[in-house]
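Encoded as structure tokens, the structure appears first; notes follow it.
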Amino acid sequence: MGAMLEVMRGRLGIAEIRGKKHNAVILEMFKDSGRADVVTDEEAWCSAAMCSAAKKSDMPMPPININLMAKSWLTMGVGIAKTAEAIQAALDAGHDVVAVWPRGDPNGPYGHVNIVEEVADYKRSVICIGANQSAGKGSPDAITRAKERKISEAVG
């Protein structure tokens, strides 16, 4: 298993605190990403969580000027084909597979980043772990296992 995936599995359930209080663990993730200037857990934090997991795994993260943008992860690592076979081969070899998804316009600047845990659904989709994701109706955003996402919908 990849080191970043192991870190993210260990963080399942970490959630925002609604209101004026903020989750110190999430704020620490921003610090790990070099962004101690962020003082609220209501800032988009999917990429901060991935940066923190990278730091804890002695892996590189995107440069600080762009690292809180989910699509900044498209500049990192070695790209692989968006196929179940390529993803499964990387997972089987113990590599971390970071997935970037569109948020709104696929060609726009916004996205969502998480880490692939497994290939599913007859090799058409993946199950990922990510931060700043819905933990269920009425719940604050948290680090959760995302519902299956179609591989073909990934930006990279």
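Within the stretch 105-125, count every residue that is in contact (Cβ under 8 Å) with a residue 12 or more places away in the chain and closer than 15 Å to GLU153 by Cβ.
Residues that pass the stated criteria total 13.
Using beta carbons and a limit of 8 Å, which pairs, at least six apart or on different chains, have the first residue in the stretch 6-33 and among the hydroxyl-bearing types (Ser, Thr, Tyr) and the second one crowded, with 19+ Cβ neighbours inside 10 Å and not in a helix (DSSP H, G or I)?
Once the first residue is among the hydroxyl-bearing types (Ser, Thr, Tyr) and sits in the stretch 6-33, its partners that are crowded, with 19+ Cβ neighbours inside 10 Å and not in a helix (DSSP H, G or I) give SER33/MET61; SER33/ASN67; SER33/LEU68.
In the stretch 50-156, which strands (runs of 3 or more DSSP E) lie fully inside it and hold 1 or more residues that are open to solvent by 30 Å² or more (accessible area, probe 1.4 Å) and under 26 Å from ASP37 (Cβ atoms)?
Passing ranges, in order: 98-102.
Aromatic (Phe, Trp, Tyr), out of contact with any His (no Cβ under 6 Å at 6 or more places or on another chain) and within 23 Å of ALA3 (Cβ to Cβ): is that true of TRP101 in this structure?
For TRP101, the condition - aromatic (Phe, Trp, Tyr), out of contact with any His (no Cβ under 6 Å at 6 or more places or on another chain) and within 23 Å of ALA3 (Cβ to Cβ) - is not met.
Which residues, counting only those in the stretch 47-67, are hydrophobic (A, V, I, L, M, F, W, C), touching a residue at least 40 places away in the same chain (Cβ under 8 Å) and within 14 Å of LEU5 (Cα to Cα)?
ALA49, MET50, ALA53, ALA54, MET59
Identify, please: which residue in the stretch 1-49 is in contact with a Gly (Cβ under 9 Å, 6 or more places away or on another chain) and open to solvent by 30 Å² or more (accessible area, probe 1.4 Å) and is, among those, modelled with the lowest pLDDT?
MET1
The values are calculated or read from the model by the stated rules, or taken from the named source; none is laboratory data. This is a predicted model, so every value here is computed, not measured. Methodologically, a virtual Cβ is constructed for each residue, glycine included, from the backbone with ideal geometry; neighbour enumeration extends over all protein chains shown. Accessible surface areas use protein heavy atoms only, side chains included; no ligands, DNA or RNA. Shrake-Rupley method; radii C 1.70, N 1.55, O 1.52, S 1.80 Å.
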